[in-house]
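Values in this text are rule-based calculations from the coordinates and carry no lab data. It should be emphasised that the depicted structure is a prediction, and the values quoted were computed from it without experimental measurement. Counting neighbours? That spans all protein chains shown, and the Cβs are built from the backbone with ideal geometry, glycine included.
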Amino acid sequence: MTSCHLIRSGLRIVLVSALSCTLLPAQNPPAPAPPAGGGQQGGGQTGAGNPGAGRPGGQQPGQQQPGQQPGQMPGRNQQDPFSEMQNRPVFLSGKVIMDDGTPPPDSVVIERVCGSVVRPEAHTDSKGRFSFQLGQNQAMMADASMSSIGDPIGAAPGRGGGMMGPSGRGISERDLMGCELRANLAGFRSEPVNLSGRRALDNPDVGTIILHRLAKVEGFTFSATSAYAPKDAKKAFEKGSEAAKKKKWADAETNFQKAVDTYPKYAAAWYELGLVHQQQQKLEEAKKAYQGSIQADGKFVTPYAQLARIAGAEQKWPEVAEYTSKVIKLNPYFSPDIYYISAVANFNLQKFDAAEEDAREALKLDAQKKNPRANHLLGLILAQKEKYPEAAENMRTFLKRVPEGPDAENVKKQLAEVERRMGASSTAQGQKPTP
């Protein structure tokens, strides 16, 4: 949890545990292909010698069920005569390419976007292809909801609606109204695929999703050096990745080390080696591996982000500011979290203008409003700058989203102090105190 202390000389913040060793997710395997045919699941077949087989309670043709209205079709939802069709599984497939026609250089997350709600559904394979059943990738659901610096305080894995439709009944055709399918790769804009009106029995192929490089982006979440890795290095990398998925950290470490020994410019392998060290709490070794990744490819942004997180846990604020500044310069679209971490560093360095700019950018990029801490932080920054009304507004926003718990109690005390100062300031200016 964050540790925020309100003292008479002003508001100070030390967000150590929020920054401590947060691991960026390693590349996930592509989603399995749907079963051939995409037919309706469940339900018995009607036997040729039993005309009642497959009907509820062995009902015979023309027999009315208890509670069934005259003329109503048996086995259907009384509220929705088309519920049987609505609840059929929806399969989707397609491919992702760059705007120059090449496959993506890294695995891409396929997301379902419904208004402001974004749900990860699948990953592409090495050729940019994807195939999945909507709402069934529970592993990605857990990854997306695991507590991190950008998650709501107190959020538990699997909360927040998850991948399910209303009442946990899975994804239906009705749930796709106003939804789009997009590819997510930091630094690129995805052409959307409209899902409204799509039916379970439609051709699952949605076609090709094209990614366009955004302006002012020099760094990426993948390394170009991977394409030049020799066969032995790639083989060791693949073995290390498989071991890491199984949490066999010693085997993963051995293979990633072999990959970088074979090919010292293998930035992705250096990065994965750093993650494995970090999982084992070998932070000094992790730092060296991340630095090795940066030396191999200075435009690979993810190792900078991990170094910023480690430095934040150690309260080395100048280092945090340095690493986050590098990420933002290379890829300003990398993550709202990186702006939040930068704001924390600048706040602790008493660079309040820079901290305010970073905190506002973190909130601007956080379309799903995953990180209420950014509102809290902005409130503290504005209070330090004696902008009490807006400071109070941001603290109240935090409390609306996190109404209970130790963090909420701290913020309530801070809000009371801000309101007291706001009232005192109004009184000193001969104005009526703000209630």
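Of note:
- Tail weight of P(r) past 23 Å, computed on alpha-carbon pairs of the stretch 337-435, percent: 26 percent
- Radius 12 Å from Cβ of Asp205, net charge of other residues (Lys, Arg +1; Asp, Glu -1): +2
- Annotation: peptides 286-297, 386-397, 93-104, ranked by per-residue average of other Cβ atoms within 10 Å with the highest first, follow the order 286-297, 386-397, 93-104.
- Other residues whose C-beta falls under 10 angstrom from the C-beta of Leu377 contribute a net charge of -1, scoring Lys and Arg +1 and Asp and Glu -1.
- Here the extension length gained between Arg421 and Asp205 equals 71.7 nm, from 0.36 nm per residue of separation less the Cα-Cα distance.
- Neighbour net charge for Glu319 - beta-carbon separation under 15 angstrom, K R +1, D E -1: +3
- Packing, as the average of other Cβ atoms within 10 Å across residues, places the peptides 222-233, 345-356, 192-203 in the order 345-356, 222-233, 192-203, highest first.
- Around the Cα centre of the stretch 307-390, unit charges on the Cβ atoms of Lys, Arg, Asp and Glu (plus for the first two, minus for the last two) sum to a dipole of about 180 debye.
- Centre separation in Å (Cα based) which lies between the stretch 326-353 and the stretch 193-217: 32 Å
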